[in-house]
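Encoded as structure tokens, the structure appears first; notes follow it.
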Amino acid sequence: MNLLRNGSKDLIKELNRSIVINMVRLQGNLSRTEIAKETGLGLSTVTNIIDELIKAGLVSEIGTGDSNGGRKPVLLKFNGDFGIIAGLKIEPNQVKMCLSNLEGKILHKAHFSYTLKESNQLSTLIIEKLEHFIEHNVCASKLAGVGIATPGLTDRESNEVVYSPILKVDHGDLKPIGTHFNVPLIIDNDANVFALAEKWIGIGREYRNFIGITVGAGVGAGIVIDNMLFRGAFGGAGELGHITIQKGDRICYCGQRGCLELYASDAFLVNEVKRMVQVGTPTLLASDTPITPENIFLAAHKGDPYVQELLEKQGENLAIGIKSMIHLFNPEAVILGGEGMRGGDFLLKGIQKELAVHFFVKHPRKLQFHTSQLGDDVWLIGACALVVSNLFKVPIYK
Ligand SMILES: [Zn+2]
């Protein structure tokens, strides 16, 4: 019993510290009294924790706020520059890197290419390039962690990319990166990373429950429930691209037939345009133009009605998957992102057409629908968010 009680005491202390730091970190400009009021903790507990945090350099006093007659309250701010995070995104043929502060402000960016042959030595390559990148730009001792976004199924315990057909990697071990830099390394799949970035500094801040949907080379979903990312048992929750939407004859690389990804990813667009060209449809892409997603988006924006219609169809297909997520999780909002969003209004038109009806339409609280505003940096920000959410996680489930 004693052991249990002592354990709880430490846990409660750690829990309180975590609650206070997250409040300062995520809300900012708060006084000790306001923190006590909002958290329900005693003022002396809050004062002790804040003193510790100020001493450690994580929080600073930034002047005084307005008072209601008494002494003016001293306002507190989280010191985002206390540490540096390296955020990486692994893509086929290239790795993007950034260094950010603890508040998601990107300070430096870089990228390097790699060949298919080098993909089995990815961790060695990343260590070499990242080391140079860090040394060149910041004080290496400030590095608080490395976060990596990658397509495919990842294992967070072993830091392994278990399976990624997009990267053509089977069992890519990234653990040596954390060992080399002697900091926490956290990897996750790019749809989860997207949702984390939105939750941290994007539109997702407004919602406790939302689904982030990514479309591009693949289709994925990051599920946020009660402000926490839901990863599932194997880290693969939200594999939206592989739900069956048609019992068709097309076979997916995952081995199943009729996966959503076959009808809503970049490959769908490329295959359909190739088919159009073959049957002589007078699309702008009928000439010698290589059929790539970029050229397809370009043709749509130049006014090619066949390609525009195709993008709308892609949107409708995608929305079948989005609807399943809506019905399973009843989120407050859906946030769309990914390179596939270059399909713009044509894609959105198809999505909106299909989403006009769903089970919850008559509910007085309307499901909100957004497109991510974080741009191409969303993945790097999310990779940094992996580290930050781990550094400041509330230790409830220890
Ligand atoms: Zn599949």
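Dimensions of region 125-164 from C-alpha coordinates, computed as largest minus smallest value along each principal axis and given longest first, are 33, 19, 13 Å. Expressed in Å, the radius of gyration and Dmax of the Cα atoms of region 10-109 are 17.0, 62. In this structure the amide hydrogen of residue 169, modeled in the peptide plane, comes within under 5 Å of the amide hydrogens of 164, none closer than 5 places in sequence on its chain. If the Kirkwood radius is taken over C-alpha pairs of region 258-398, then at 37 °C and 0.692 mPa s the Stokes-Einstein diffusion coefficient equals 191 µm²/s.
Return the FRET efficiency for the residue pair residue 60, residue 288: r is the Cβ-Cβ distance, R0 is 45 Å, and the value is rounded to the nearest 0.05. Walk me through the numbers on the way to the answer.
On the way: r = 61 Å, r/R0 = 1.36.
About 0.15, to the nearest 0.05.
Nearest 10 degrees is fine. How inclined is helix 2-27 to the longest principal axis of the chain, computing both from alpha carbons? Helix 2-27 sits roughly 70 degrees off the main axis of the chain. The alpha carbon centroids of region 197-235 and region 108-180 are separated by 22 Å. Semi-axes of the equivalent ellipsoid for region 157-301, computed as √(5λ) from the eigenvalues of its C-alpha gyration tensor and ordered from largest down, come to 33, 19, 17 Å. By the equivalent-ellipsoid construction on the alpha carbon gyration tensor, the chain comes out with semi-axes of 42, 26, 20 Å, ordered largest to smallest. Per residue, the accessible area of the chain comes to 51 Å², computed with a 1.4 Å probe over protein heavy atoms only.
Say R0 is 22 Å: what FRET efficiency, to the nearest 0.05, do residue 253 and residue 302 get from their beta-carbon distance? Plugging the Cβ-Cβ distance into 1/(1 + (r/R0)^6) gives 0.10. Within the assembled protein chains, the solvent-accessible surface assigned to residue 244 is about 80 Å², based on a 1.4 Å probe. Placing pseudo-labels 7 Å out from each Cα toward the beta carbon at residue 360 and residue 124 gives an inter-label distance of 4.9 nm. Spacing of the modelled spin labels on residue 376 and residue 38, each 7 Å from Cα toward Cβ, amounts to 3.6 nm. Of 83, 42, 236, the residue with the greatest mean-square motion in the GNM of the chain, using alpha carbon springs below 10 Å, is 42.
Take the alpha carbon gyration tensor of region 327-387, find the square roots of its eigenvalues, order them as a ≥ b ≥ c, and report rounded if a/c is under 1.5; if not, report prolate when a/b exceeds b/c, else oblate. Oblate, because a/c is 1.5 or more while a/b does not exceed b/c. Post the alpha-carbon centroid distance, region 329-364 to region 251-315, in whole angstrom. The distance from the Cα centre of region 329-364 to that of region 251-315 comes to 20 Å.
Label sites at residue 137 and residue 9, each approximated as a point 7 angstrom past Cα along Cα to Cβ, lie 4.5 nm apart. Here the Karplus relation 6.51 cos²θ - 1.76 cosθ + 1.60, evaluated at θ = phi - 60°, turns the backbone of region 34-45 into coupling constants of 5, 5, 4, 5, 6, 8, x, 7, x, 4, 5, 4 Hz, with x for every Gly and Pro. Remark: the residue 324-residue 267 segment gains 18.3 nm on full extension, using 0.36 nm per residue and subtracting the alpha carbon distance. GNM remark for the chain: springs join alpha carbons under 10 Å apart, and the peak mean-square fluctuation among 68, 22, 79 falls on 68. Given their separation in residues at 0.36 nm each and the Cα-Cα distance between them, residue 205 and residue 309 gain 34.0 nm when the chain is fully extended. What the phi angles of region 263-272 give under the Karplus curve with 6.51, -1.76 and 1.60, with θ = phi - 60°, is a coupling list of 10, 9, 9, 3, 4, 4, 4, 4, 5, 5 Hz, glycine and proline written as x. Under a 5 Å amide H cut-off, with hydrogens placed 1.01 Å from N, residue 154 pairs with 162, 189 among residues at least 5 apart or on other chains.
Expressed as a whole percent, the accessible surface of the chain that belongs to carbon and sulfur atoms is 53, based on a 1.4 Å probe.
The values are calculated or read from the model by the stated rules, or taken from the named source; none is laboratory data. What you see is a predicted model; the values in this text were computed from it and never measured. A quick note on method: Cβ atoms are made from the backbone with ideal geometry, for glycine too, and the neighbour counts reach across all protein chains shown. We work out accessible area using only protein heavy atoms, side chains counted, and drop any ligands, DNA or RNA first. Shrake-Rupley method; radii C 1.70, N 1.55, O 1.52, S 1.80 Å.
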